[in-house]
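Coordinate-derived values only; no laboratory data. Model, not experiment: these values are computed from the prediction. Note that each Cβ is placed from the backbone with ideal geometry, even for glycine, and that neighbours are counted across all protein chains shown.
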Amino acid sequence: MRLNLERLVKLSVWGDISSPTIVSPYRVNSSGKGLVLPTLGGITYNIRVGDPALGWAGDHVEPGVSLRNKDRDESNALNILSCIGNRARVISGDAKGEIGIVTGKHGGIEHVLIDFPERVLERLNIGDKIQIESYGQGMEILNFPEIKVMNISPDLFSLLNIKEDNNGLKIGVRKVIPAELMGSGIGSASSFSGDYDIMTQDRETLRELGLEDLKLGDIVGIKDMDDRYGRTYKKGARSVGVVIHCDCVQSGHGPGVTVVLSSSDNSLEFFEDGKANIAHILKIGRYGDG
């Protein structure tokens, strides 16, 4: 592959560790039952990349540290320019100087998610500031321009299990998701921020597809979705993404996926790789703690 790495810009973006927020105490599930559950934001001490994405008593729970900025435009820059695999440094508080890794970008409330070792999580506080070396947006595969690259650091991209032939790229993924399971987030004008969800209300289908053991950090292939300039159904299109947050009880929702590669044709394909998880690849989360 020929990449335009010498043209990429490395730029600082930053945010505060966000507090969890609750508007209504109840989250209504797909059966109409109101549940009171932990949700997104804050510092999640016991859920990290590499852990199961399903089965928690929570809704949209984000692993590790959730980051945003109080200024809307600065928060947009934080979410759009941050890339999975980027280096994040604590710049205030008791854990100042410690280093983490970006693991995902959540839409809606526009959080950027960071993994830190457990010894660092214990020293972090809501409101601490974290600066990210954003690097990766604008990356191109020059010999396969039909494949759009987004939201991934060059360092992580170089570690993916990729096979190249004359027609395009084959990417190792842990799971393959059919387009009909993709829900909340479809129709977004851009895939360069946030995520969209794998719907999990049909548990029988999840069992049939082998998705019940989906993990945070899994690299997944998505069939028949063109995510180059938004998120839309297109027969034959292919996308690759990273599972970034936990399951949800609300209709049309589920574990979120931040897209990192997409094509509208057969230039992007998948093959099974049981180790295709960013926690395993980067030695972070449940596979790390350095």
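Here are the numbers for this structure:
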quantity: Fewest-first ranking of F144, F157, F271, using other Cβ atoms within 10 Å as the exposure measure; calculated: F271, F144, F157
quantity: Principal axis box of region 7-54, alpha-carbon based, largest edge first, Å; calculated: 51, 26, 24
quantity: The chain: antiparallel DSSP beta bridges as a percent of all, rounded to 5; calculated: 85
quantity: Check: the chain dipole with +1 on Lys, Arg Cβ and -1 on Asp, Glu Cβ, in debye; calculated: 240
quantity: Neighbour-count ranking [beta-carbon atoms within 10 angstrom, fewest first] of W56, W14; calculated: W56, W14
quantity: Virtual spin-label span in nm between E74 and E180, 7 Å along Cα→Cβ; calculated: 4.7
quantity: Residues Y233, Y196 arranged by fewest to most Cβ contacts within 10 Å; calculated: Y233, Y196
quantity: Helix-only mean residue ellipticity at 222 nm for the chain, each DSSP H run of n ≥ 4 adding -39500 (n - 2.57), per residue, nearest 500; calculated: -2500 deg cm²/dmol
quantity: Stretch gain in nm, segment K129-L159, where the contour uses 0.36 nm per residue and the Cα spacing is subtracted; calculated: 7.9 nm
quantity: Taking the convex hull of Cα positions in the chain, its mean projected area over all directions (nm²); calculated: 14.0
quantity: Members of K10/K175; K235/K275; K223/K275; K170/K215; K70/K105; K33/K70 lying beyond 23 Å, as alpha-carbon distances in this model show; calculated: K10/K175; K235/K275; K33/K70
